[in-house]
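None of the figures in this text is laboratory data; all of them are computed from the coordinates on show. Computed from a predicted structure; not experimentally measured. We place every Cβ from the backbone using ideal geometry, glycine too, and count neighbours over all the protein chains shown.
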Amino acid sequence: MQHASWLAVVPVPAVPELLLHQAEDLQGLWEATDAASPPYWAFPWLGGQALARYVLDHPSSVAGLRVLDFAAGSGLVGLAALRAGAASVLACDIDPLAAEVVAANATCNDLLVTFTGEDLLDGSVPDVDVVLAGDVVYEAGMAARVLAWLRSAGVPALLGDPGRSYLPQTGLREVASYDVPTTRELEGVTSKLVRVYEVLPVGSGG
């Protein structure tokens, strides 16, 4: 677990029940990994923290269910779902390094997560009962593609977002909000209001 070993194991600010391997220096880690994209797996991003907090505060949303942690990054949301009583979690992320870090984070929390690196947006939602997606609408094309996929998923879906520019204005219903601590390096502020939404299915009128 080479890359996970570079990260400190510390509690998540908004979800202290869970530990994550977290980087102190985003730019430095990105340069060290020599990856094409930033190491999203090395930080508990705001949307994921709020979504993780939500499922722990509302365990009935995942208890006994098969959960998909979409664009899992560090795996935080899936780990929170397991801690809240989910029957199983499938984490997916197209970054190959995420698999290693999700496994390491699961281990340090004594939890078990299954991982896939498949781009699930190219097909239908796997055989799960609920989809959780934290902080996934940071690009215009990605936002439109993800929301269309989630709205046609055929199962309940929850989205955590800190007010990114490409958050859709329709197809969502807010279910909770949290003031989540962050850093000026990542977000330019020390805390941010982050909302959790229910993704409304196609044909619901949203």
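Can you give the relative contact order of the chain as a percent, counting alpha carbon pairs under 8 Å and 6+ residues apart?
Computed over the chain, the figure is 19 percent.
When only Cα pairs under 8 Å and 6 or more residues apart are kept, what is the percent relative contact order across segment 38-133?
Over segment 38-133, the number comes to 32 percent.
Counting other C-beta atoms within 10 Å, which of Val202, Val125 has the fewest, and how do the rest follow?
In order of increasing Cβ crowding within 10 Å: Val202, Val125.
Kindly work out what percent of the DSSP beta bridges joining two residues of the chain are antiparallel, to the nearest 5.
Around 55 percent of the beta bridges assigned by DSSP in the chain are antiparallel ones.
How far apart, in nanometres, would the label points at Arg173 and Ser204 be if each is projected 7 angstrom from Cα along the Cα-to-Cβ direction?
Output for this residue pair reads 0.6 nm.
For Leu121, what is the net charge nearby, where nearby means another residue's Cβ is under 14 Å from its Cβ and Lys, Arg count +1, Asp, Glu -1?
-3
Which of Ala103, Gln22, Gly85 sits farthest toward the positive end of the charge dipole of the chain, with +1 on the Cβ of Lys and Arg and -1 on the Cβ of Asp and Glu?
The listed residue farthest towards the positive side: Gly85.
Where the only charges are on Cβ atoms (+1 Lys, Arg; -1 Asp, Glu), what is the dipole of segment 4-199 about its Cα centre, to the nearest 20 debye?
Computed about the Cα centre, the dipole is about 600 debye.
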